[in-house]
Every structure is written in structure tokens, then in C-alpha cells.
Amino acid sequence: MTILEIKNFGKAFTIHHLDKTLPAVNNIHFSIDAGEFIGIIGKSGSGKSTILKSIYRTYLPHTGEILYNSDRFGQIDLAKATERQVISLRKYEIGYVSQFLNVMPRTTCRQLVQNALLEMGEPGETAMIEAEKALTHFEMDPKLWDSYPNTFSGGEKLRLNIAMATVKKPRLLLLDEPTASLDQQSKMKVREIIEKLKQQGTTLVGIFHDIEFMEGLCDKVYEMKTGQVISAREEVAYES
Amino acid sequence: MHETPILRVRNLEKQFGQGCPDCKDKESRSLEKNYCSACGTVYAVRDVSFDLFPGEVLGIVGESGSGKSTMLQGLYFDAEITGGEVYIDHPAVLDKNVLELSSQQKRYIRNYLYGMVYQNPVHGLKMKFSSVGNIAEKMIAAGGRNVSSIEARSKTLLEKVHIPLRRMKEEPRNFSGGMQQRVQIAKALSNNPPILFLDEVTTGLDLSVQASVLDLIKQIQRDLHISMIVVSHDLAVIRMLADRSIVMLNGTIIEKGLTDQILEDPQHEYTQQLVYSLL
Ligand SMILES: Nc1ncnc2c1ncn2[C@@H]1O[C@H](COP(=O)(O)OP(=O)(O)OP(=O)(O)O)[C@@H](O)[C@H]1O
Ligand SMILES: Nc1ncnc2c1ncn2[C@@H]1O[C@H](COP(=O)(O)OP(=O)(O)OP(=O)(O)O)[C@@H](O)[C@H]1O
Ligand SMILES: [Mg+2]
Ligand SMILES: [Mg+2]
Ligand SMILES: [Zn+2]
């Protein structure tokens, strides 16, 4: 089953003080089956994050369609969905993880993961149990559970980020270079995490700089060509 | 998804002044920001429309003078509004433009459906009453008669906003700004309103107090599912609290959207300036 189909997608940024509209990506087509892991590679500035952020609607899509097969809404064009629909999808179906942790100040690691569940309407008891499970699953040192994450290392922050996103069991998870600032050992941990998510049937779209990292992990790798016009379908670097 | 908004605001207008031939006509008038230089009339809120959905926090940002407080005060009936319609999804006032209700009915809405936390605590609190007394006053206005249960509820609320028990009988004028804001929040919550207005609750507080007030608001949203309008000129506050936001300039809405979208992909020229100056 196709879970996401991107058709003729394009995004440009209008920068008023320069009086300019700068195209970022153009003419993007690709589709993703449920349970697949799609990797996106390409030079800096080629538009990888733009695609992910447009799917998540952090960026306002410009042209084309982003057809998502939703549990709650059936097929929905994310480019045109209402804000309230997007909020609901973010809560229950679509997750996004980057290398940056952006959270409420003075909230402990454990609370942050619990809150993700409470906001979905899970009862307090369940949220507590599931949060602990997630933190254990992602190998967060229990000593850190009740600390504030602003002092965490890059790898710890990232694992918390992934825990917050995945504890909600999203059907579609978008990963924007989550491993960018990590050492080899932490990267391997993230790889294991991703493997686990794949086994659980999560559909993943990920951007990684590191081709080695993606090897054997992604079902397909699409390469973005700078110059903006890509047809991802023909740019498959390899298919495993 | 057919959600019914709990609050529907349509074409809200608020002007200070009578207007003159130069500025009476909406289409042709030319204002200096929100101000008619011919007659001095201020068009503080102009054609503002939005929905507030159950359980959501809606952010309102905009520079000083953009009309944020005037709009909240209009919604809360503190000031006569010039025009527009406001509907609340509540059986008592269903399908009625609440701006046109009698003052008695407006009082009912203020006492039972709305809570307000003012930008300036002086407007929200009686500085010479005790903190418990301030909350009791609101509960009595809402029909509370049982003294011991009023006192018990006041204490629970003050505890919820982390005012130590031993200070509950104290007058808020002795309190720090952050504590005063928290007493205002407790007071606003005392009648379990489905709708809460918060005007710059964290402005002027130091960072750690700010964090605790933000945390409190989030907690209230999670536990009580109250719908909130949070006004702030601090984008960081809005980012933390609101899923959706509105940007105001010179009394009008220039942009609305998901909060992260407004911050990362602002569409309007003014919003872009606002966001670029963040970094
Ligand atoms: N919010 C934005 N406002 C204006 N321009 C943007 C914005 N985001 C991205 N762009 C522009 O769009 C183009 C694509 O950027 P994008 O971030 O998608 O690249 P990327 O492939 O993710 O690069 P990197 O590997 O460096 O992260 C760039 O020219 C960038 O400057
Ligand atoms: N009583 C009044 N008489 C005349 N003009 C007024 C009055 N109250 C407010 N204004 C004007 O209405 C406009 C909107 O003011 P308002 O207080 O709503 O702004 P705000 O967005 O809340 O600003 P801030 O961020 O500084 O709190 C301003 O131009 C202000 O000068
Ligand atoms: Mg990128
Ligand atoms: Mg104000
Ligand atoms: Zn005039």
C-alpha cells in the first residue's frame, strides 16, 4: 500500500526584503509504500530538508500534491490540509526528528516523553509506563530520566528526541539528519533504533549525509540533484 | 474532521475616536499605522476574524500597539467593542452574538465561561485583598456561597500555581511579578472556565519564573483541556505554548498558521522581519 505519494511538488521562498522568490525544489515525484525506509541524499542546499519540512507542513507547500494515506482522514493532501488536520496528524500519525531538541524549559526527560503521550489523551498511568519503556528501549541512562535535557550530550538529546517521537507510534516518521553531530558509536545506536522501528512496521523517510550509514538500512535511496530539478524515481542510487 | 470552534470571532472592530470624513470609509481611508492623522482616531482592531478550538492554545503575536490587548479586552467585555460578532459554543448562548447581549448576560459569560489574566496584575487583582480573598471574590461572583468550600478551593488552586500555603493570606502587592501572575491564573481558573485569555503573562518576569509560568499553562491545558488565547510579543513563548498562531500588525491579522510554520516559513513581509530579528 502506498502511504505517501508526492506529485509535481515544488517549493519556493519569497524573501520580501530582497524582493525575490527563490525556488528551492521543483517537480518532485516519488512515492513510499507502507513499511518502507526511503533515504534521501544530495548536496547541501539541494532541498532535502525542504521536502521533509513540507511533508510535515513546517514549510508551506507551494505547488503540487503531497498525498498521504491517513488512518483518520483517508487520503489527504498535506499541501492543502487545514491547520487543525495537520495538528491532529502530528499528534497521532506523523513524527519528525531532527538533530535539534526544542522543548519546554525546565521539564525533565521523563516528563517530556510522558507529555507526548498525555497530549494524545493517554491516561497518566499508561503515559508513565510507556515513557519508561521508551527511555529504556532507547538506552537512556536512568540517572538522566529526571534531569533537564539542556545539559545532555548530542547523542542523549537525539535519543530523547527519537523517544518523544516514537513513543506515539507514528505511522510515518521523518528523520532530518538525526545523526549529523554524533560519533560513530552513537550513530550505530541510532542505526539499531531505526532497525527496530522498521521491524515494528514504521514507514520512514530519512536524510543522511553518510551513505555507509544507510547501506542495508534503506529500501531505496533517492538522490537530490542541485539545480533543483530532480526526478527522484530515476535517481535511485541503489536498491537493496 | 468537523470540529466546532468553542469561540468564533468575526470581523471584530475597535476604534478610539469618532472618525472623520477622511477615515470613515474603510476602503478609501489612509492611516498612519492604525491612526488617522486628520482626526486622531485610533483603529486599534480592524476586521479581526478567527476560530478557537476546544482544548487548543492559540498564540497571538505582534509588535507593541498592534491591538492584542485591546482585542482581548473587547472579547472580555472590559471595553465596548465598535463592531463585529463573537459566538461561544455553549448552550446558554448558542448562536447569539455575545457582543449584543445584555450586561447581565455578559456578566454571566465573564463569571462562568471566561477567565482573564491581564498584562498588568493591577487590573486583575485587588492588591489589598489577600490572595485567597481575590479568588473567593471571583467564586462568589459566580454564585459560590459556601465559605468553607470556597476557601478550600482557593487553597487548592493556589497550591496548583505554587503559592506556598503560608503566604495565601498575604496581599498580592507584597508578591513578586511572577507570583502575582500566578495568583491571577489561580483566580482565572477558579470557576473552571472553558475559555481562558492570557495577556503577556510572562513579560517582565525573569527566565526561571517565566519557565515555571509556561510550564503551569501547559499543565493546565493538558489536565483541564481549557481553550486558551495566549497573547505575547515574545515568539519564544508562543513557540512553546501554541500549536497555531496569529500575527497582528496595526490592528489587523496579517498571517495565521501553524506556529512552527510561521517561525520557519513566514509569508508576510512583517512576519519575516519579526522572525529574522529573532536570531
Ligand atoms: N526557511 C527558508 N527560507 C528561505 N530559504 C530557505 C529556507 N529553507 C531552505 N531554504 C533554501 O532552500 C534551498 C534548499 O534548502 P534545504 O535546507 O532544503 O537543503 P538541504 O538539502 O537540506 O541542505 P543541507 O544538507 O545543508 O541540510 C536552499 O537554497 C536554502 O537556502
Ligand atoms: N484608551 C485608549 N485610547 C486611545 N487609544 C488607545 C487606547 N487603548 C489603546 N489604544 C491604542 O490602541 C492601539 C492598540 O493598543 P494595545 O494596547 O491593544 O496594543 P498591544 O498589541 O497590546 O501592545 P503591547 O504589546 O504594547 O501590549 C495602540 O495604538 C494604542 O495606542
Ligand atoms: Mg537539510
Ligand atoms: Mg498589550
Ligand atoms: Zn479621521
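Report the Cα centroid-to-centroid distance between segment B:2-74 and segment B:95-155 in angstrom, as an integer.
26
Per-residue ellipticity at 222 nm for chain B, helices alone: DSSP H runs ≥ 4 residues times -39500 (n - 2.57), over residue total, nearest 500 deg cm²/dmol?
Computed ellipticity for chain B at 222 nm equals -10500 deg cm²/dmol.
Give me the net charge of B:Gln210's neighbourhood, meaning all other residues with Cβ under 10 Å from the Cβ of B:Gln210; Lys, Arg count +1, Asp, Glu -1.
Computed value for this residue: -2.
Enumerate the amide H contacts of A:Glu36 below 5 Å, restricted to partners 5 or more residues apart or on another chain; note that Pro and chain-start residues carry no placed amide H.
Answer set, sorted by chain and number: A:Leu204.
Taking the beta-carbon count within 10 Å as an exposure proxy, list B:Val209, A:Val97 from fewest neighbours to most.
Least crowded to most crowded, the residues run B:Val209, A:Val97.
Could you list the trypsin sites (Lys or Arg not before Pro) in segment B:1-102 that lie in coil according to DSSP, counting only those with at most 10 other Cβ atoms within 10 Å of their Cβ?
Passing sites in segment B:1-102 are B:Lys26.
Give me the angle, in degrees from 0 to 90, between the Cα long axis of helix B:207-224 and the longest principal axis of the Cα atoms of chain B, rounded to the nearest 10.
80
Dipole of the protein assembly as shown, Cα-centred, from +1 at each Lys and Arg C-beta and -1 at each Asp and Glu C-beta, to the nearest 20 debye? Write down the numbers at each step before the final one.
Working: 60 positive and 64 negative charges, 335 e Å.
It works out to roughly 1600 debye.
With point charges of +1 on the Cβ of Lys and Arg and -1 on the Cβ of Asp and Glu, referenced to the Cα centre of chain A, which listed residue (A:Gly39, A:Ser54, A:Val113) lies farthest in the positive direction of the dipole?
A:Ser54
Using a Gaussian network model of chain A with C-alpha springs under 10 Å, which one of A:Ile207, A:Ile76, A:Ile38 is most mobile by mean-square fluctuation?
Ranking A:Ile207, A:Ile76, A:Ile38 by mean-square fluctuation puts A:Ile76 first.
To the nearest 10 degrees, how steep is helix B:131-141 against the longest Cα principal axis of chain B, on a 0 to 90 scale?
Rounded to the nearest ten degrees, it is 70.
Most exposed first by the Cβ proxy, i.e. fewest other Cβ within 10 Å, how do A:Val113, A:Val190 rank?
Going from sparsest to densest Cβ surroundings: A:Val190, A:Val113.
Calculated from DSSP H runs of 4 or more alone, at -39500 (n - 2.57) each and per residue, what is the 222 nm mean residue ellipticity of chain A, nearest 500?
Values: 7 runs with 76 residues, N = 240.
The per-residue figure over chain A is -9500 deg cm²/dmol.
Counting Lys and Arg as +1 and Asp and Glu as -1, each charge on the Cβ, what is the dipole of segment A:2-231 about the Cα centre in debye, to the nearest 20?
Numbers: 28 positive and 28 negative charges, 102 e Å.
My answer is approximately 480 debye.
Between segment A:118-138 and segment B:187-230, what is the C-alpha centre distance in whole Å?
With segment A:118-138 and segment B:187-230 each reduced to a Cα centre, they are spaced 24 Å.
Could you give the size of the charge dipole of segment B:7-278 about its Cα centre, using +1 on the Cβ of each K and R and -1 on the Cβ of each D and E, expressed in debye and rounded to the nearest 20?
I would put it at about 1300 debye.
Determine the shape class of the protein assembly as shown: with a ≥ b ≥ c the square roots of the Cα gyration tensor eigenvalues, call it rounded for a/c under 1.5, and otherwise prolate if a/b is greater than b/c, oblate otherwise.
Oblate, since a/c reaches 1.5 and b/c is not below a/b.
With 25 Å as the limit, write out which pairs from A:Lys80/B:Lys14; B:Lys218/B:Lys256; A:Lys20/A:Lys91; A:Lys48/A:Lys143 have Cα-Cα distances beyond it, or answer none.
Table pairs above 25 Å Cα-Cα are A:Lys80/B:Lys14; A:Lys20/A:Lys91; A:Lys48/A:Lys143.
Can you tell me the orientation of helix A:154-166 relative to chain A, as the angle in degrees between its alpha-carbon axis and the longest Cα principal axis, to the nearest 10?
80
None of the figures in this text is laboratory data; all of them are computed from the coordinates on show. Small disclaimer: the values here were computed from a predicted structure and weren't measured. Neighbour counts are summed over all protein chains in view; Cβ atoms, including those assigned to glycine, are modelled from backbone coordinates with ideal geometry.
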